[in-house]
Amino acid sequence: GAVVSQHPSWVICKSGTSVKIECRSLDFQATTMFWYRQFPKQSLMLMATSNEGSKATYEQGVEKDKFLINHASLTLSTLTVTSAHPEDSSFYICSASTGGTYGYTFGSGTRLTVV
Amino acid sequence: GENVEQHPSTLSVQEGDSAVIKCTYSDSASNYFPWYKQELGKRPQLIIDIRSNVGEKKDQRIAVTLNKTAKHFSLHITETQPEDSAVYFCAASNSGGSNYKLTFGKGTLLTVNP
């Protein structure tokens, strides 16, 4: 079945630094990649939608200059948290799709802790 | 945009009993309704889904029903087991639209007591 590999699974960084999270679709071409953030005991909140080769579409309230998304190929999308602060500490999950009709495949998630 | 409401937020049942979680959605264009099970620190795992051309779908102990007119869908788990304990999320999307993002409900923490 479809597999999405997400790395790293956890990362601790100092306040003010940047962190890059990668999602790769291993056995299919992901037309669209969705990036979610999940705070403890809360639901998945969509941050942005990215289509290969075009700029990401950000949800209301999500700072596009802070959360940089690159979807350079049909198998790789990256999320970079720039100038991270403790309030950015969260669980970040990507989800890839070849089209809504075919469902969504989630990465394993990245636990980001900013100290 | 789409808004998905999910109830209850917590549900505790005895092993062997049934559990029902209900969701409503607002966008009549939504046509794909998956249910996910998420264990602590793990990715959401698809357990069952239903499309708008179907009213009910069953997979062993799990079933989902959809009422398009009322814009609500429900998850039914029968003969619950302790390993069913997790957070369950419903979601909705317009799978044929140009922006087929998933909108999630707030989740239900299911506890199955042995």
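The values are calculated or read from the model by the stated rules, or taken from the named source; none is laboratory data. This one's a predicted model, so the numbers in the text were calculated from it and none came from an experiment. Note that each Cβ is placed from the backbone with ideal geometry, even for glycine, and that neighbours are counted across all protein chains shown. Please note that ligands, DNA and RNA were not included when accessible areas were found on the heavy atoms of the full protein model with its side chains. Shrake-Rupley method; radii C 1.70, N 1.55, O 1.52, S 1.80 Å.
Observations
- Over the stretch A:1-104, all Cα pairs binned in 5 Å intervals from 0 give whole-percent P(r) values of 2, 13, 24, 26, 20, 11, 4, 1, 0, listed from short to long.
- Shape of chain B, Cα gyration tensor, a/c cut at 1.5: prolate
- Label point distance in nm, A:ARG111-A:LYS20, each placed 7 Å from Cα along Cα→Cβ: 2.4 nm
- Residue by residue, the stretch B:66-81 carries 3J(HN,Hα) couplings of 10, 10, 5, 5, 8, 6, 9, 9, 9, 10, 10, 10, 9, 6, 4, 10 Hz when phi is fed to the Karplus relation 6.51 cos²θ - 1.76 cosθ + 1.60 (θ = phi - 60°); x denotes Gly or Pro.
- For B:ASP17, the residues 5 or more places off, or on other chains, whose built amide H falls under 5 Å of its own are B:THR80.
- Note on A:GLN29 and A:THR82: with the Förster distance fixed at 22 Å, the Cβ-Cβ geometry gives a FRET efficiency of about 0.20.
- With protein chains left intact and a 1.4 Å probe, residues in the stretch A:1-68 average 59 Å² of accessible area per residue.
- Using a simple spin-label model with pseudo-atoms 7 Å out from Cα toward Cβ, A:THR57 and B:SER18 lie 3.9 nm apart.
- Each of A:THR49, A:PHE34, A:SER108 was placed along the dipole of chain A (beta-carbon charges, centred on the mean Cα), and the one lying farthest toward the positive end is A:SER108.
- The accessible-area ordering, largest first, of the residues B:ASP59, B:ASP49 stands as B:ASP59, B:ASP49, per a 1.4 angstrom probe.
- About its Cα centre, the dipole of the protein assembly as shown is roughly 320 debye, where the only charges are +1 on Lys and Arg Cβ and -1 on Asp and Glu Cβ.
- Chain A packed on chain B takes about 1600 Å² of accessible surface away from a 1.4 Å probe, both sides summed.
- Sequence ranges A:19-27, B:60-68, ranked by mean other-Cβ count within 10 angstrom, highest first: A:19-27, B:60-68
- Unsatisfied cross-links (Cα-Cα over 27 Å) in the set A:LYS14/A:LYS64; A:LYS64/B:LYS71; A:LYS14/A:LYS41; A:LYS66/B:LYS106: A:LYS64/B:LYS71
- Here the simple spin-label model places points 7 Å from the Cα toward Cβ, and for B:GLU83 and A:LYS64 these points are separated by 4.6 nm.
- Peptide A:4-16 - average C-beta neighbours from other chains (10 Å radius): 0
- The charge dipole of chain B, taken about its Cα centre with unit charges on the Cβ of Lys, Arg, Asp and Glu (plus for the first two, minus for the last two), comes to roughly 360 debye.
- Relative counts (whole %) of C-alpha pair distances in the protein assembly as shown, using bins that are 10 Å wide: 8, 32, 35, 20, 5, 0
- Relative packing of A:30-40, A:44-54, B:3-13, which averages over residues the other C-beta atoms within 10 Å, highest first: A:30-40, A:44-54, B:3-13
- For the stretch B:21-69, the mean projected area of the C-alpha convex hull, equal to one quarter of the hull surface, is 4.1 nm².
- Each Lys or Arg adds one and each Asp or Glu subtracts one; over the other residues with Cβ under 13 Å from the Cβ of B:LEU40, this totals +4.
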